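Below: the structure, in structure tokens.
A short reminder: the numbers here are calculations on the coordinates, not readings from a lab. Owing to the predicted nature of the structure, the values given are computational and were not obtained by experimental measurement. For neighbour counting, all protein chains shown are included, and Cβ atoms are generated from backbone atoms with ideal geometry for every residue, glycine included.
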Amino acid sequence: MILEHYFPVLMFILVGTGIGFALLVAGALIGPRKPDAEKLSPYECGFEAFGDSRMRFDVRYYLVAILFILFDLEIAFLFPWAIASKTLGMVGFVTVMLFLVILTVGFIYEWKKGALDWE
């Protein structure tokens, strides 16, 4: 029967779930519970909280975050090419070089526009 082939996958899922649940229960039962004023106090990077938590952030913060994600994802597109580079041949090489040129031009553009300056 074809479902026999999925039995090891089912066992893997069950054993993994069982171990995860056992570790959660063990941590809840064995873990120390000694709350004090210092542990229960709110903190912000090790400092006492200052200002409102709903304060406005500068747009540059979000811009740098979005640019990081953008370039990080674009670099991630190079991994499949690196794995399949022998089978793609010269067409794949030229395509990736074009991709890298566009990526570099975009990076230079954002650098010249000052998007990476944090002042």
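Tabulated values for the structure
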{"quantity": "Dipole in debye (nearest 20) - the chain, about Cα centre, beta carbon charges: Lys, Arg +1; Asp, Glu -1", "calculated": "220"}
{"quantity": "Packing-based ranking, highest mean first, of 101-107, 112-118 given that Cβ atoms within 10 Å are counted", "calculated": "101-107, 112-118"}
{"quantity": "Alpha-carbon centroids, the stretch 9-36 and the stretch 53-112: separation in whole Å", "calculated": "39"}
{"quantity": "Helix-derived mean residue ellipticity, 222 nm - over the chain, DSSP H n ≥ 4, -39500 (n - 2.57), to 500", "calculated": "-22500 deg cm²/dmol"}
{"quantity": "In nm, spacing of pseudo-spin labels at E4 and D117 (7 Å Cα→C-beta vector)", "calculated": "7.1"}
{"quantity": "Gain in span if fully extended, F12 to V59, counting 0.36 nm per residue against the direct Cα distance", "calculated": "12.3 nm"}
{"quantity": "Shape box of the chain [Cα atoms, principal axes, largest first, Å]", "calculated": "64, 61, 18"}
